[in-house]
Amino acid sequence: MAERLFLRLDEDPLHGPESSVPAGTLRAVPVGAALRAHVSHILLYRETIAEGHEVRERVLPDGAVRLVFNFGDAPSADEGEGHAAEAIGASIAPVVVRMRRRVEGLSVTLRPGAAAALLGMPAGEIGGSAVHLDALWRGEGAELLERMAEAPGDAARVALLHRALQHRLAAGDAMGQSVAMAMRAAQLITASGGRRPLREVAAAVGVGERRLQQLFHGHVGLSPRAWSRLARLHACLRTLRLQPSPAWADMAVDGGFYDQSHLVNEFRALCGVTPTEFMDQAISGSSKTAA
């Protein structure tokens with residue numbers, strides 16, 4: 001069965017030009033000022049799939065933690081079953097999402113370092129997995145989903161979501177010192193394309209490397225090394241947007257990989273395909289939506 005491709009980098013307003021998602025399936029929603037320090041974007045999605053058919057979509061990792069509310073048939077990831085209301089932990093592995101019948105919902109992407117405040121627990125505790133929100137929010141996840149499902153339209157649903165998330169932030173230490181340090185460390189690694197030594201990152205935020213590990217576990221959901229691997233991959237993907245026929249050996253060295261073999265192995269590990277397979281799929285199935 002053929003797969004669609006989904007990729008979103010930080011600068012993409014909706015999804016990247018490599019993605020083969022049908023036009024009109026996704027819509028970005030403005031994030032309210034009170035949430036912008038913790039939420040990077042909110043997406044509405046709708047798609048109807050013919051009865052008896054299934055759509056598979058390969059989602060390349062961005063390392064983000066997400067809150068997802070499904071009003072239709074919940075998509076499932078890999079071999080697991082989807083939840084109506086779920087928190088999806090940070091991961092550096094690609095996920096194949098399987099969709100059937102009526103797919104409709106809201107997806108909330110949390111900023112790196114800001115996840116614990118909205119999850120109510122360390123982000124690393126759900127790394128690489130999907131957990132029903134009721135397990136984290138003591139039943140409030142299903143209640144919020146029900147109220148949004150009954151709301152008269154998208155605007156009302158989004159307003160309910162904003163109020164619920166603001167309430168959770170107000171109840172906790174939303175922007176404590178550890179959150180600020182985790183966010184700063186993640187930004188430094190991303191800005192360097194994953195090439196900055198972690199000891200330098202730790203020093204820049206005023207902690208030791210062991211404390212840096214703890215900050216990432218609690219607030220990002222990945223280890224600093226995993227975040228660096230993902231940052232190198234994303235820098236490579238950005239380069240491919242500018243140079244669709246690159247000199248792979250030069251790209252590997254410029255991108256902080258040991259050599260071309262290292263680049264290919266990392267690409268396969270983090271995307272599930274080789275760079276050449278990715279380019280073939282992106283070119284053949286791209287929606288060419290502007291990034």
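What the table shows:
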item: From the options 263, 222, 212, residue that is outside the structural domain of residue 38 (by TED's automatic domain parsing) and closer than 25 Å to residue 13 by Cα; result: 222
item: Complete set of residues in the range 117-157 that are small (Gly, Ala, Ser), at pLDDT 90 or above and in contact with a Gly (Cβ under 6 Å, 6 or more places away or on another chain); result: 123, 124
item: Flag for residue 147 being within 30 Å of residue 229 (Cα to Cα) and either among the basic types (Lys, Arg) or touching a Cys at 6+ places or on another chain (Cβ under 9 Å) (or both); result: no
item: Condition broken by residue 139, with the remaining ones in (1) in contact with a Lys or Arg (Cβ under 9 Å, 6 or more places away or on another chain); (2) small (Gly, Ala, Ser); (3) farther than 20 Å from residue 43 by Cα satisfied; result: (1)
item: Given (1) within 25 Å of residue 128 (Cβ to Cβ); (2) in a helix (DSSP H, G or I), index of the condition residue 222 fails; result: (2)
item: When residues of the range 137-161 are limited to those that are surrounded by fewer than 19 Cβ atoms within 10 Å (Cβ to Cβ) and in contact (Cβ under 8 Å) with a residue 40 or more places away in the chain, the one farthest from residue 28 (Cα to Cα); result: 142
item: Single residue of the range 256-268 satisfying the filter (assigned to a helix (DSSP H, G or I) and either in contact (Cβ under 8 Å) with a residue 40 or more places away in the chain or among the polar types (S, T, N, Q) (or both)) that is surrounded by the fewest Cβ atoms within 10 Å (Cβ to Cβ); result: 261
item: Qualifying residue in the range 235-253 (condition: aromatic (Phe, Trp, Tyr), in contact (Cβ under 8 Å) with a residue 60 or more places away in the chain, assigned to a helix (DSSP H, G or I) and touching a helix residue (DSSP H, G or I) at 6+ places or on another chain (Cβ under 8 Å)); result: no
item: Which numbered condition residue 64 misses (of (1) more than 30 Å from residue 268 (Cβ to Cβ); (2) buried (at least 16 other Cβ atoms within 10 Å of the Cβ)); result: (1)
item: Only one of 206, 193, 256 that is over 22 Å from the mean Cα position of the chain (by Cα), of a type outside the set (Val, Ile, Thr) and within 30 Å of residue 4 (Cβ to Cβ); result: 256
item: Subset tally (residues that are surrounded by 19 or more Cβ atoms within 10 Å (Cβ to Cβ) and not in a loop (DSSP other than H, G, I, E, B)) for the range 1-20; result: 3
item: Test result for residue 207, under 27 Å from residue 44 (Cβ atoms) and not hydroxyl-bearing (Ser, Thr, Tyr); result: no
item: Wholly within the range 115-204, helices (runs of 4 or more DSSP H) carrying at least 1 residues that are of a type in the set (Ser, Thr, Tyr) and touching a helix residue (DSSP H, G or I) at 6+ places or on another chain (Cβ under 8 Å); result: 177-191
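Matching residues to (1) farther than 18 Å from residue 16 by Cα; (2) modelled with pLDDT under 85:
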| site | (1), (2) |
| --- | --- |
| 242 | no, no |
| 247 | yes, no |
| 256 | yes, no |
| 267 | no, no |
| 271 | no, no |
| 282 | no, yes |
| 290 | no, yes |
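Here's the yes/no breakdown for (1) assigned to a loop (DSSP other than H, G, I, E, B); (2) modelled with pLDDT of 90 or more; (3) surrounded by fewer than 21 Cβ atoms within 10 Å (Cβ to Cβ):
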| position | (1), (2), (3) |
| --- | --- |
| 22 | yes, no, yes |
| 33 | yes, yes, yes |
| 79 | yes, no, yes |
| 82 | yes, no, yes |
| 86 | no, yes, no |
| 90 | yes, yes, no |
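The values are calculated or read from the model by the stated rules, or taken from the named source; none is laboratory data. These numbers were taken from a predicted model, which means no experiment stands behind them. Cβ coordinates were reconstructed from backbone atoms using ideal geometry, including for glycine residues, and neighbour counts include every protein chain displayed.
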